[in-house]
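K.L.:
The structure is given below, and queries will be raised subsequently.
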Amino acid sequence: MRLTPVTRWFLFFAMSCSLGLSAQQDIQFTQFMHNRLLYNPGYAGSRGSICLDLLHRSQWVGFEDAPTTQNFNADIPLNFLHGGIGLIITNDQIGFFQDISAGLAYAYQMQLGQGKLGLGLMVDFKNKALRSGEWIAPDGTNGGTDPSIIAPGSSALSPDLNFGVYYEEERFWGGISSTRLIEGNFALPNQSAGETQFRSTRHYFLMGGYNWFIPNTNWAVLPAVMMKSDFAGPSTFDLNVNAMYNNRVWGGVTYRTQDALAVMAGAYIIPSLKLGYSYDITLSDLANSSSGSHEIMLGYCFKIEVPERERGSYRNIRFL
């Protein structure tokens, strides 16, 4: 029996549900379908244009020092490399900690069937830093005198690798990837002249979607799914459905297991520039203290056309 792409993804999702459900594990964006390069380096250069993407997320608004994340992606197709390259920069702040990372990706793109397959690898450097802050011990005293506590202002840099496979055709897209392959180690000095170790955990991502163009209308339905897991704990699923009108305006909802229900909307301001917004309604116990999460996305794609040189002879009257 031959399975269609949609059937294959449905069966995979059904089997994956046995992995369990949980909350966020790594950098998280509700609008993942507009931010594929962050999760999968095999996406680099697949759009056939120079593309710039910028996202900002304010999570669990209402909490002091709640997580905030900024992400900038740029990728460009390069025919002489038979693929494309990408640049990924992120800034993630949670409490006293700030992680800044920069990565360079390359994807080899090849035609496969009616679509394009990309095999990508990214070299990533992350800096983990502890900003200035006052530590309060469980007994309510100032924990700043405890020699085992990390020294404020300390930081550590560690390299890592990401790998991904991405496939896309007119109606279907999907990819599988793994980040933090090396599981880099961060050694931050503490107040006793020793070190406190932080070790990255390898993460796995599976995402995909389908473009259903409703016949004889200007409407399309665009379902998408993402699974995130480190296989050391429960996995997380994002289930999304967007509807798009006239290839220009879209809106939809996302359900993140045991975490949030999100609504989103966006539009192409001009054919090459898109703007999107999403709002997460917290469903967990955090809803008692959080007013939800906000996310904004801006994307711009363009091409640089180099005209072919016309054949013939060129003369300069100064040298006739």
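K.L.:
Examine segment 71-90 for a residue that is surrounded by fewer than 16 Cβ atoms within 10 Å (Cβ to Cβ) and under 17 Å from Ser293 (Cβ atoms), and state whether such a residue exists.
P.N.:
no
K.L.:
Next question. Applying the selection to segment 39-60, what residues are closer than 16 Å to Tyr300 by Cβ and outside any loop (DSSP other than H, G, I, E, B)?
P.N.:
Ile50, Cys51, Leu52, Asp53, Leu54, Leu55, His56 - these are the residues of segment 39-60 that are closer than 16 Å to Tyr300 by Cβ and outside any loop (DSSP other than H, G, I, E, B).
K.L.:
Across segment 265-283, which residue is surrounded by the most Cβ atoms within 10 Å (Cβ to Cβ) among those that are under 19 Å from Thr68 (Cα atoms) and polar (S, T, N, Q)?
P.N.:
Ser278
K.L.:
Another question, if that's okay. Which of the residues belonging to segment 224-252 are over 29 Å from Asn162 (Cα atoms) and not basic (Lys, Arg)? Working first, answer last.
P.N.:
Of the residues in segment 224-252, the ones over 29 Å from Asn162 (Cα atoms) are 243-252.
Answer for segment 224-252, where residues must be over 29 Å from Asn162 (Cα atoms) and not basic (Lys, Arg): Ala243, Met244, Tyr245, Asn246, Asn247, Val249, Trp250, Gly251, Gly252.
K.L.:
From (1) in contact with a Ser or Thr (Cβ under 8 Å, 6 or more places away or on another chain); (2) outside any loop (DSSP other than H, G, I, E, B), pick out the condition that doesn't hold for Gln258.
P.N.:
(2)
K.L.:
Tell me, which residue of segment 236-264 that is of a type in the set (Ser, Thr, Tyr) and modelled with pLDDT of 95 or more is surrounded by the most Cβ atoms within 10 Å (Cβ to Cβ)?
P.N.:
Of segment 236-264, the ones of a type in the set (Ser, Thr, Tyr) are 236, 245, 254-255, 257.
With the extra rule that they be modelled with pLDDT of 95 or more, the set shrinks to 245, 254-255.
Numbers: Tyr245: 13, Thr254: 23, Tyr255: 15.
It comes out as Thr254.
K.L.:
Output the residues belonging to segment 243-258 that are within 15 Å of Gln31 (Cβ to Cβ), in contact (Cβ under 8 Å) with a residue 60 or more places away in the chain and of a type outside the set (Lys, Arg).
P.N.:
Correct list: Thr254 only.
The values are calculated or read from the model by the stated rules, or taken from the named source; none is laboratory data. A quick note: this is a predicted structure, and the numbers were derived from the prediction, not measured. Ideal geometry is used to build each Cβ from the backbone, glycine not excepted, and the neighbour counts take in all protein chains shown.
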